[in-house]
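Values quoted throughout were computed directly from the atomic coordinates according to the rules given, and no laboratory measurement underlies them. Note that this is a predicted model, so its numbers are computed, not measured. For neighbour counting, all protein chains shown are included, and Cβ atoms are generated from backbone atoms with ideal geometry for every residue, glycine included.
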Amino acid sequence: MRIRADNLQLAGFFQVFGRSSLDGAAPATGQFQQAVFTRVIHGPRAYRRLPATTHLSLVNPNQESVEVLLRLGQGPLAPLARSRTITVKPEGFLFQSVADLFEIEGTYEGSVVVEVVEGPGLVGFQLIEIDGGETLIGWNPAHQSTAVRLYSAQAASGTDLFTNLKLFNTASESRQLALEFRRDDGELVGEAVELAVGSGEEIQEDIRILCGLPRTGASNTSSADPVTG
C-alpha cells in the first residue's frame, strides 16, 4: 500500500489481524540502504515453549529493481544459514517466512541484516506468528542511528508481565553501554547496569534476570556510539 498526500501533515498506523489478536506499526516515511530485523524466532517451541514463525516483508517502491543481500545469524561470527542475494522487482515486494527464505528448519533465534547492494532502497516490516496466529508481533526493521541515548517508554516485570531487551551493535567497534530502569515516580531501580557489546554482536535478556525490575517503569539506555534496539 502506498499513501500520497498534498501536504506533510499526515500520520498513520497499520494493523495485521490474526485469529484472535492483532499488531502493527507506523508506515515507513523513507527508504533504507541497510537495516536489521532484530528478532527472528522460529521453531515448534521457540517462544516460551510455543510454536513461532517469523515472516519478512521487503517492498521496493521505486521504478527500478533493487538487489539486496540478506544475512541470518546471531551476530557476524555466528551465521545460522548461508546469506541470500535476491532482487525485488520495481514496485514489487517479497513476503516470505525466514525458514523458507533461508531454507533452514529447526528451532533458532537471531536477526536478519538487510543490505541494499544495488538500487535506491527498500522499506520493510516483520511479523512473528505465535501459536499458529493466536498471537501476532509485528514491527519495522531497525535502522542505524547516530543517537547515543535510547529510551523505552515502558518496562515491566511481574507474575504475568515480562520485558525482553535486545540490543544490536551496528558499529564496526565494540560499545560500552549503561542501562537504567526507573519507576513511575522517577526513582532508579537498583543500579545502572554496565554492558559491553561487540561489533555486530547482539544481546538479549529478560530485564528481570538482567538487573531485576519489581514494578512497571521506564528504561533508559546510554552509549557513546550507535546501538540499535
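Some points to look at:
- Over 26 Å [Cα-Cα, segment 14-143], rounded percent: 19 percent
- Residues Arg39, Arg208, sorted so that the one with the fewest Cβ neighbours within 10 Å comes first: Arg208, Arg39
- Neighbour-count order for Val148, Val36, fewest beta carbons within 10 angstrom listed first: Val148, Val36
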